[in-house]
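This report refers to the structure that appears directly beneath it.
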Amino acid sequence: MLLRWMRAITAPLRLRILSFACNRLKSRQGRRTSLLDVSILAIAWGNPGYAAGFSYLQHISERTSNTKGTILECGSGATTLLIGSLLHHDDRRIIVLEHDQNWHAYLSRIANQLGLDNVTLLHTPLVNYGNFEWYDIEKALDEECIEKDIGLVICDGPPGKTPGGRYGLMPIAGGMFSDHCVVLLDDTHRKAEQTIIENWRREYCPNSHQLRFKTHTEIISCRS
């Protein structure tokens, strides 16, 4: 109760700082995003002291600038605000999957207040696909008419406790990837995510290349 009250009291200040951070990012328009830019965003969002998170955000900003096609984000948060701000003056599509209805409503409100109308935030509950659970995207993505043009995936969901974790990305959405799609998978310091990458490469993208960072991994050319 006290934490909820404190969040309510500090919400206007946080929104002002988030607005400042997002406006800095919007002004970049193709210029390199600095560590200061992403640090302000992360701190305003509520991740102070998370140095690896700062590095991940900066990596996302770089890949946002040097990839093409639709961006698919699995799980929403500070990264949603980051890519939405960087591409605010662009016509590039940003599709975000979020399974939690309350969080979806909250982030939709924040994005609206920050003027990020270029982000399509979809409420996609988790469903059973047999051996794993993943986002229920069939109807949602059919309505968005995505046809093999996803050039960048930012994968920070679903939660690790989900049966199969983040494995479902490749079998369910992999057919929509462009030939040189880049996947940024977070939390790869965990054994579960490392196993998912091994399974992806064995079953779906044996010719892919990967770059391992402290807490995340970049996978390139995912289609076999």
What pairs come out if I take residues in region 105-134 that are without any contact (Cβ under 8 Å) to a residue 24 or more places away in the chain and pair them with residues that are outside any helix (DSSP H, G or I) whose C-beta lies under 7 Å away, six or more apart or interchain? 108/121; 127/133; 127/136
I want to confirm something. Restricting to region 80-114 and keeping residues that are among the aliphatic types (A, V, I, L, M) and part of a loop (DSSP other than H, G, I, E, B), which single residue is nearest to residue 42 (Cα to Cα)? 114
Please go through region 193-218 and pick out each residue that is open to solvent by less than 60 Å² (accessible area, probe 1.4 Å) and out of contact with any Cys (no Cβ under 7 Å at 6 or more places or on another chain). 193, 194, 195, 196, 197, 199, 200, 215, 216, 217, 218
Please determine whether any residue of region 66-86 is closer than 23 Å to residue 180 by Cβ, open to solvent by less than 50 Å² (accessible area, probe 1.4 Å), out of contact with any strand residue (DSSP E or B) (no Cβ under 9 Å at 6 or more places or on another chain) and hydroxyl-bearing (Ser, Thr, Tyr). no
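The values are calculated or read from the model by the stated rules, or taken from the named source; none is laboratory data. Quantities reported herein were computed from a predicted structural model and do not represent experimental measurements. Here the Cβ is made from the backbone with ideal geometry for all residues, glycine too, and neighbour counts use every protein chain on show. Quick note on the areas: whole protein, heavy atoms, side chains included, nothing else; ligands and nucleic acids left out. Shrake-Rupley method; radii C 1.70, N 1.55, O 1.52, S 1.80 Å.
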